[in-house]
1. Quantify how much of the Cα-Cα distance distribution of the stretch B:28-99 extends past 17 Å, in percent.
2. More than 41 Å apart: what percent of Cα pairs in the protein assembly as shown qualify?
3. Where does the charge balance sit around B:THR275 when Lys and Arg score +1, Asp and Glu -1, over other residues with C-beta under 14 Å from its C-beta?
4. Report the calculated FRET efficiency for A:VAL44 and B:GLU137 (r = Cβ-Cβ distance, R0 = 41 Å), to the nearest 0.05.
5. Considering the alpha-carbon set of chain B alone, what are its Rg and its Dmax in angstrom?
6. With equal scatterers on the alpha carbons only and no solvent term, can you work out the Debye log10 of I(q)/I(0) for the stretch A:283-414 at 0.11, 0.13 1/Å?
7. In whole Å, what are the extents of the stretch A:196-261 along the principal axes defined by its C-alpha atoms, from largest to smallest?
8. Under the rule of -39500 (n - 2.57) per DSSP H run of 4 or more residues, summed and divided by the residues of chain A, what mean residue ellipticity at 222 nm is obtained, to the nearest 500 deg cm²/dmol?
Amino acid sequence: MKKDNIENLIALSNDLRWQIGDDFHDNLTEGIYADAAEIVSAAVHKKDEKGKLRFDARIDKIITSRTWGFPLMFLVLATVLWLTIVGANYPSAFLGNILLDHIHPFLKTLATNIGFPIWLNGFLIDGVYLAVAWVVAVMLPPMAIFFPLFTLLEDFGYLPRVAFNLDNLFKRAGAHGKQALTMSMGFGCNAAGVVATRIIDSPRERLIAIITNNFSLCNGRWPTQILIATIFVGAVVPQSFSGIASLAAVIGIAVLGMGFMFLTSWALSKTVLKGEVSTFNLELPPYRPPRFWKTIYTSLIDRTLIVLWRAIVFAAPAGAVIWLISNLHIGDITIAAWTIDLFNPFGFLLGLNGVILLAYVVAIPANEIVIPTILMLTVLVTGISGGAGAGVMFEADSANATGDILRSGGWTLLTAINLMLFSLLHNPCSTTIYTIYKETKSVKWTVVASILPVIMGFVVTFLVAQIWRILA
Amino acid sequence: MYSPVWALSLFIGISILLFLLFRPEKGWFWAIRKSNINNQKIVIEDILKLLYHSENQDKILNINDITTSLNEPESNILESVNEMARHSLILIEGENVRLSESGSDYALRMVRAHRLWEKFLAEKTGFAESDWHHIAEKKEHELTDQDTDYLASVLGNPQFDPHGDPIPTKTGKVADIKGIALSDLDVNHLGRIIHIKDKPDIIYKQILAENIHIGSQVRVVEKDSNRIVFHCEGEAFKLAPIIAANITVSLLKKEYISEDNVARLSMLNENEYATIIGISKEMRGESRRRLLDLGFVKGANVKVDLLNPLGEPKAFLIKGTSIALRNNQASKILIKKD
């Protein structure tokens with residue numbers, strides 16, 4: 001009897017739903033807004049704010065104008081990047097000096113004095129400590145400069161206008177204008193860029209932004225690009241042009257990254273992501289003076305420290321692995337030498353070498369330690385003098401010294417160019433991979449985001465190598 | 001042993017092979033997989049649907065018509081027709097084929113599954129309008145009765161699919177649409193678009209490209225054997241009669257609100273003010289909710305706030321906030337200029 005009643009009720013509700021029709025949700029929202037408007041008009045007294053609005057409109061007219069909009073945008077981005085890269089050199093050198101040149105030897109001596117066995121000493125101090133110290137020294141200063149600057153721009157209200165100006169370009173690639181912001185954020189750190197995609201509230205466009213964020217050269221990769229370009233690209237042009245040539249090469253790689261970002265966004269939105277829900281809206285908030293100290297504080301705590309902490313957590317075991325592979329032996333050669341031999345044929349096919357591939361495998365946790373690892377491994381397998389011992393990452397005193405070590409490892413201009421390409425197109429670091437998983441909660445998209453760039457890197461370096469060899 | 005030319009050729013060869021295997025739709029891999037699926041059920045269901053739609057238009061088909069309409073080998077179709085006769089889904093009278101009562105029921109269930117899935121695609125996914133029909137055409141064969149019932153309840157037992165076709169209920173009730181083809185609407189008569197036919201593909205895509213929406217009011221202003229000109233939401237459209245025949249309109253009384261003031265938000269110029277009349281039926285699902293939540297509701301005042309250096313999106317001032325919308329969204333919001 002009761003059951004019958006319930007079924008009758010359900011039937012009745014279905015009938016009524018038919019009668020109400022599709023407009024139900026519309027009418028409800030209209031009603032809510034009408035009520036809200038009534039309450040507002042009764043309760044809120046507004047001052048005449050016309051003057052202020054006009055001021056906002058004047059800024060907007062300039063920022064979104066055909067003439068000034070785009071130059072202004074590039075100027076702001078270039079300034080932020082320049083401040084970050086150049087400004088970070090000094091604190092980085094300072095931190096490096098303290099953490100690597102003073103505390104490291106001190107810890108080593110301390111461990112010896114306490115009576116640590118040599119292997120434990122090497123494993124903990126040369127492996128774990130050194131990797132962590134390196135990541136902190138290289139990663140902390142640029143992030144501590146970049147994120148506050150970026151957050152200030154965001155707070156002021158400029159960044160939504162950038163998304164507004166650029167949306168049409170991104171729309172053609174099937175993406176959201178706000179991806180311009182997450183991409184710029186990726187220039188600082190891809191993990192932070194992936195977190196920043198939360199501002200995109202359309203599921204399809206957000207996934208696109210997450211998967212393609214890795215095509216923005218991050219802080220960990222800028223120094224690699226600049227170093228290699230200076231050593232190899234700068235050397236093939238006359239001395240007086242070497243600075244410009246290497247700068248052009250680095251910018252070229254960054255722009256190429258944007259090209260890949262658009263291409264991949266387009267391909268994803270036309271294929272695998274076709275069915276994901278897509279909406280668009282972009283709010284342009286009024287300009288307001290940034291709350292300076294609060295912004296600095298939150299951007300340091302929320303962005304810099306969290307990312308740094310994750311990087312440290314991942315770098316520590318990487319350091320241990322780097323030390324272990326260089327010191328443990330299979331037969332009479334180290335694991336590192338053995339793996340490098342294994343990777344060498346494939347590396348050659350890509351115009352790279354086994355050392356580089358191994359360095360990119362062990363340095364998945366942090367792009368910052370790729371060059372120190374390459375240098376250490378090159379010294380290890382070539383047996384040339386230099387370096388600080390098996391499994392101890394180091395950096396040469398000057399670009400020239402670095403160049404000498406790399407050339408004795410068999411590097412040519414092709415190796416250098418392909419390294420720059422591979423540095424742009426390879427899997428995200430483990431911090432970013434972990435962040436992608438946290439943000440998407442999907443193993444599938446995490447795997448796609450991790451594997452896709454590596455495959456592209458293999459294909460691009462392979463093609464460049466073959467064409468180079470055919471033409472050379 | 002190694003030569004860059006060889007390596008490059010090998011790579012190009014492998015790429016071409018992969019492309020041939022996996023390219024969308026036509027790839028060999030998909031073709032092989034498709035041929036492995038037992039497709040007699042699919043053929044039978046397609047014949048049922050064909051018969052159902054023809055009988056709805058009072059056309060009686062013979063076996064010849066069926067073989068020419070379906071893209072299947074003749075032997076397959078004949079086999080399926082025999083199978084259907086054995087299960088008394090159809091009655092064969094001489095050359096002519098008719099649906100039996102149980103066949104009719106079955107066909108109605110297929111139609112229900114197809115239209116519900118189209119509704120689902122429109123409301124809950126991001127697939128493009130032109131893809132809906134093709135996806136539903138495949139999916140309808142996979143849905144069980146429980147699936148369709150569940151789908152219907154999730155979607156709130158909708159009456160119509162996104163093209164304006166009625167969705168049969170579980171008990172087989174079909175709401176009927178009372179309307180005439182746009183090509184039959186007389187000059188100066190008002191109508192409201194209630195249905196856009198999604199077949200044939202070429203015509204449907206043309207209508208989509210014209211940006212004509214279900215639920216819009218139209219008024220025919222000129223008509224001859226070559227073309228029909230009508231006003232709709234502040235714009236003039238010209239269509240060939242054969243295309244207009246695929247659009248169904250319901251007649252509206254002349255004294256119904258005149259549509260001359262109605263325009264689309266995308267047509268609002270700088271320094272003009274307007275009041276929102278509503279959001280087009282074509283704005284669906286998540287996107288529609290979002291617009292409503294932002295305050296694009298009936299009666300709200302709106303003006304252009306900012307033009308874009310690249311054309312779109314434009315920012316509109318609504319409820320004191322500046323919201324940027326792309327043209328395809330703004331064209332689905334109806335306004336009355338003040």
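Derivation of every value follows stated rules applied to the coordinates shown; laboratory data play no part. For clarity, every value in this text was computed on a predicted model and none was experimentally measured. All Cβ positions, even for glycine, are placed from backbone atoms using ideal geometry, and neighbour counts span all protein chains on display.
1. Pairs farther apart than 17 Å: 41 percent.
2. 50 percent
3. +3
4. Once the sixth-power term is evaluated, E becomes 0.15.
5. 24.6, 86
6. Scattering profile of the stretch A:283-414, log10 relative to I(0): -0.51, -0.62.
7. 50, 20, 14
8. After summing the helix terms and dividing by the residues of chain A, the value is -23000 deg cm²/dmol.
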